[in-house]
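Here is the structure we will look at.
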Amino acid sequence: MTDNQAFLARLKASQPVVWINSRQKPSDQALRDCHADLGLGFEDVIKACDNWQALAPLLAKIFPQLEATGGRIDSPLLPVPQLQKALGQKAKGQENEQIGHYLLKADHALPVAGSVKARGGIYEVCMHAWSLATELGLMSAKDDPITLADEAIRQHFSNYVIAVGSTGNLGLSVGLAARALGFKAVVHMSSDAKAWKVKRLEDNGVEVIQHDADYGKAVGAARIAAAPDPNIYFVDDECSQLLFFGYSAAAVSLKKQLADQGRVVSQDHPLFLYLPCGIGGAPGGVAFGVKYLFGDHAHCFFVEPVEAPCALVQLMSGLEKPVTVYDFGLTNKTEADGMAVAEVSHFVAKVMEPMLSGVITAKDEDLLRFVALAHDHEGLKLEPSAAAGLGCPQALFESQEGQAYLAKHGLSDNLGNAHHIIWATGGSLVPQEQFERFLEKGRAFLD
Ligand SMILES: *Cc1c(COP(=O)(O)O)cnc(C)c1O
């Protein structure tokens, strides 16, 4: 068997793999091409940061939980030494000091939505509301967006619908934001959606349509239902640039957090990011911003469940035609509902092709084990999707593919100063009872 055949056999047998992107280019070239081919650049990230800032007073007004931060939606960057140690003990005597430092980006604790989706869904809903109100002549372009909270405008918005398809978390973020601004909201949920997410939406006056089908089909149904009606605005997770750039603003705040913590990023202090991937918008947006800010010193990896590696199979196969995980005999069934997506966004795949370092996959039992370890050693409340990155540094260092990547980038011998950012994408709103079940399952996989 060649290496490639062995890799494919592992992938198809639902075994964890490290896939390295052979089409990755040097950052400046990748970003130049992206600008030339797709018209996307760092100015779009900056524009998103400016918009977030302009929206902050509105957000503080419509979401009481944001009053304390003046409407800023961000999460801390946390060292997790106890968790790092606990994970290291599983690693055949490998010393963590040689690996570098694990940092957890705590988006599981993001206010309002309790997941990374707060960065995308809330942004797109507010930006849509802003342009709709301007278009309808309800406010002028010069007015502060806080005007959107005026009762007269809310009354107007009650004639309009915002719709979305979701495995759960995007529905929460879009649904709650839409309702907070006075819109009607309709969320089409895939069969993966957890019952508590449905209930929370219904309790907030969101109409939930549950499909006995996967995420792609739920999105398709939502798109078709929205198409004939000009009063329905459809948040299209499969190709939305608003979502993508809403997420991308996180890179700018990450850079500031690293600097504030005195963490240098350089060839001797490389930055690794492990970004859980579903449709690709959240990890893609963050990675896009990060590549602009840190260039070749940043190594962005997506993380996916072994049964739903949609970005991996698409990028590996080339972008000529759409590819799904079903084409590889995989089921798309996983406890990581945020990542239960069979076909990646083609928009995101195109942007990521020249800049993503690779994709690392993880088994559900490891995700659950990581949920338990993160709770028991650092008191964190993560959902399985959010814990996915915790095994990635070791997967990278211990696999043949990962070692070849490190050698190629001159990193084999100087990882002691590496920063490994594990993007924890959701979990703080998981009901305690459900969380206990994750813990119980996860602990059963501990030694
Ligand atoms: C949505 C989500 C992801 C993945 O984001 P995509 O934009 O779908 O790629 C990862 N983890 C959690 C918890 C999520 O809700």
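Where a number appears in this text, it was derived from the coordinates with a stated rule and is not lab data. Since the model is a prediction, treat every value here as computed from it, not as a measurement. We place every Cβ from the backbone using ideal geometry, glycine too, and count neighbours over all the protein chains shown.
Observations on the model:
- Loop-located GluC sites (Glu not before Pro) in region 244-341 whose Cβ has at most 16 other Cβ within 10 Å (DSSP): E320
- For region 235-312, the relative contact order works out to 38 percent when only alpha carbon pairs closer than 8 Å and six or more residues apart are counted.
- Taking the Kirkwood radius as Rh and the Cα radius of gyration as Rg, region 172-257 has a ratio of Rg/Rh equal to 1.02.
- Amide N proximity, region 291-311 versus K47 label position 7 Å along Cα-to-Cβ, cut-off under 19 Å: 291-293
- Across region 332-343, computed HN-Hα scalar couplings (Karplus, 6.51 cos²θ - 1.76 cosθ + 1.60, θ = phi - 60°) run 6, 9, 7, 5, 7, 4, x, 10, 7, 10, 8, 9 Hz from first to last residue, x flagging Gly and Pro.
- Extending 7 Å from Cα along the Cβ direction at R23 and again at S140 yields two label points whose distance is 4.8 nm.
- For L110, residues with placed amide H under 5 Å, excluding near neighbours: S115
- DSSP-assigned coil residues among trypsin sites (Lys or Arg not before Pro) in region 115-221, each with at most 16 further Cβ atoms within 10 Å: K142
- Computed over the chain, the quotient of the alpha carbon radius of gyration and 2.2 N^0.38 Å is 0.93.
- Think of it as helices only: each DSSP H run of n ≥ 4 in the chain is worth -39500 (n - 2.57), and spread over all residues that comes to -14000 deg cm²/dmol at 222 nm.
- Over the Cα atoms of region 308-359, the radius of gyration divided by the Kirkwood radius equals 0.96; this is the Rg/Rh ratio.
- The Kirkwood hydrodynamic radius of region 224-282, based on inverse pair distances between different Cα atoms, is 14.5 Å.
- Each Lys and Arg Cβ is given +1 and each Asp and Glu Cβ -1; about its Cα centre, the chain then shows a dipole of about 220 debye.
- Projecting the Cα atoms of L406, C392, P354 onto the charge dipole of region 350-420, computed from C-beta unit charges around the Cα centre, puts P354 farthest toward the positive end.
- A dipole drawn for region 277-346 from +1 and -1 charges on Cβ atoms has a positive end, and of P322, H297, A336 the residue lying farthest that way is H297.
- Lys, Arg +1 and Asp, Glu -1 on Cβ, resulting dipole of region 210-310 about Cα centre, debye, nearest 20: 400 debye
- Database remark: amide H of I421 closer than 5 angstrom to the amide H of L103, F272, L273, Y274 (H placed geometrically; neighbours at sequence offset of 5 or more, or on other chains; Pro and chain starts carry no H).
- Listed cross-link partners K105/K197; K142/K381; K199/K381 are compared with a 32 Å cut-off, the Cα-Cα value being larger for K142/K381.
- For region 188-232: Kirkwood Rh in Å [reciprocal of mean 1/r, alpha carbons]: 11.2 Å
- In plain terms, the bigger the Kirkwood radius, the slower the diffusion; for region 1-156, with that radius from Cα pairs, at 10 °C and 1.306 mPa s, Stokes-Einstein puts D at 78 µm²/s.
- Amide H within-cut-off set for V303, under 5 Å, with H built and near neighbours excluded: L275, C277, I360
- Label-point gap, in nm, between T147 and Q403 - each point 7 angstrom along Cα→Cβ: 6.3 nm
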